Amino acid sequence: MSAARWVRGALVAAATTTVVRSLSARTPPGGAERWTRTNHQGAPVSLLEGPAVAAGLAVGALLSAGSARSALSHTTATVGALAFGLVDDLAEDTSTRSKGLRGHLAAARHGTLTTGGLKVLGIGATGLVAAALAPSPAGRSLGRAGADVVVDGALVAAAANVANLLDLRPGRALKAGSAAALLLSGGSTSGAAGAVLGSAAAGARADLAGTDMLGDSGANALGALLGSTVVQSTSRPVRLGVLAALVALTVASERVSFSQVIARTPWLDAVDRWGRPAPGQAASGPADGTASADSAAAGGAQSSPPAGSGTRDAQDTRDLPGSVSTDDSADR
């Protein structure tokens, strides 16, 4: 049964991602320009991949789960991360943008709730709900113990955050998510792992080409579902270890550039670059083609992105510290 759920999750997720991306390309909500950012090479990149991948993840996990509680838990984690990620993608005030988790906390101390801060709270809350809904590993009908819910909710939120940290180069987050899904394939959560692989496969071509990117909505949803899968498939000691590793990565991201570490590590750099076009051969616009045309018609609007675009300065091509709110399209 686990193999059948894995295949069903992968096929449903891939089909859903493909259909949603195709439909959104025809009539992007709010217009193509709203979903277009400019990378460090001055080329437009579309955020429409994010909602498409998240939709594939949610539907794939929902239709391939081993139980109703499992399906509801996975869906809550994924859709919650998608929703709050979209807020940060589309409504961020770039004139007052705080950078990294530390920046959002500093803004909160001064009485300002940034869209990134709202996302931290929102994904944390939906992560807790997802953890409370998750089937008990001991088979208790009333679900998990209170301490487990707190740990597991934090794990879902931390996984969403780390996945977003990796969405700094074409294909990086999808590759890392696929590797994690392969490790998690098996048992009652194999459907969710299959959904990750199916959505990643459907979005990989445009993502690797640099014409699409996950953005906060897609990367956070990817990480949240992986976190939910860990919650439902591993023992408490393993979950505590995974949470500790995720927290360590988040703290390290405030001081260390992951891109620089990868570039200095030959085998990581080779994996990171695999599948991307050679320098100078990258595609010149979003996969749907509509945003590029709209950008040209707008007379250079991409050099001055609309409010909420979150585009990073083109000169800043290193990882900004932190995570859950950073739009990393300028690094793409």
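The values are calculated or read from the model by the stated rules, or taken from the named source; none is laboratory data. This is a predicted model, so every value here is computed, not measured. We place every Cβ from the backbone using ideal geometry, glycine too, and count neighbours over all the protein chains shown. Heavy atoms of the whole protein, side chains included, go into the accessibility calculation; ligands, DNA and RNA do not. Shrake-Rupley method; radii C 1.70, N 1.55, O 1.52, S 1.80 Å.
Just a few scattered comments:
- Residues residue 267 and residue 147, FRET efficiency given R0 of 41 Å [Cβ-Cβ distance, rounded to 0.05]: 0.60
- In the assembled protein chains, residue 238 presents an accessible area of approximately 70 Å² (probe radius 1.4 Å).
- Förster-model FRET efficiency, 22 Å R0, residue 248 and residue 182, C-beta, rounded to 0.05: 0.45
- Sequence-ordered 3J(HN,Hα) estimates for segment 246-262 from the Karplus curve with 6.51, -1.76 and 1.60 and θ = phi - 60° stand at 5, 5, 4, 5, 5, 5, 4, 5, 6, 10, 10, 7, 4, 4, 5, 4, 5 Hz, glycine and proline given as x.
- Sparse packing (at most 14 other Cβ atoms within 10 Å of the Cβ) combined with a DSSP loop state is found for the following trypsin sites (Lys or Arg not before Pro) in segment 216-277: 255.
- Per-residue accessible area (protein heavy atoms, 1.4 Å probe) orders 188, 178 as 188, 178, starting from the largest.
- Listed peptides 245-253, 221-229 appear in the order 221-229, 245-253 once ranked by packing, highest mean of other Cβ atoms within 10 Å at the front.
- Exposure ranking of 119, 175 by accessible area [1.4 Å probe, largest first]: 175, 119
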